[in-house]
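What follows is a set of notes on a single structure, which appears directly below.
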Amino acid sequence: MKNISRHYFTFSTFLLLLTTSIHAQENPPIPVSVEVRNAQGLNFGAFTVGDAGGNVIISSNGDRYGDTDVQLLNFGSVSHYAIFDVYANPGTLIQIQPIPDISLSGPLGSNVSLSIDPFIDTSTGQTFIISTNPHEVLVGGKLKIPNGAAGPAGNYSGTFTLTFIYE
């Protein structure tokens, strides 16, 4: 009988040690720091607009389209998407917050509207995980021109703010 008791005591001690090692404290989380730098602005290039108005679209891969009564011109300023460089710890989950349309000011007090949809106008989509530093986010958009009279020829300018939320 004594031999059975010893084995039972040894077995109980072994289970107690396993239970104790499972309750170890995990390491504290790595501090998350996110920095975003604008590396290039958004430019829709040169175009003309007729009476019906229309849209000029720059995709996040650099393609440019005009619809309705918009004629794209291949001279003047060069069209290109915006580039944002995002710096964060690899593995950080980032979400780009949707933004309302932006009004761009032009000649004679005219305005046109710029829309940016993070779901379709960014190279990363609305949500992405940082894999490299910097992590480039290419941003296109849609310029909405009501008609040639409301959006006369000239330069239009404005700013937009993208909010990058990290988790």
Under 5 Å from the placed amide H of Asn89, counting only residues 5+ away or on other chains, we find Ser33
The exposure ranking of Glu167, Glu35, fewest beta-carbon neighbours within 10 Å first, is Glu167, Glu35
Ordered by fewest other Cβ atoms within 10 Å, a rough proxy for footprinting exposure, Arg37, Arg64 read Arg37, Arg64
Placing one equal point scatterer on each C-alpha of the stretch 34-166 and summing with Debye, one gets log10 I(q)/I(0) at q = 0.12, 0.15, 0.18 Å⁻¹ equal to -0.48, -0.71, -0.94
Note on the stretch 51-113: contact order normalised by length, alpha-carbon pairs under 8 Å, 6 or more apart, percent, works out to 20 percent
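Bear in mind these aren't lab numbers, they're just calculated from the coordinates by the rules spelled out. Being a predicted model, the structure only gives us computed values, none of them experimental. With ideal geometry, Cβ positions are generated from the backbone for all residues, glycine too; neighbour counts draw on all protein chains shown.
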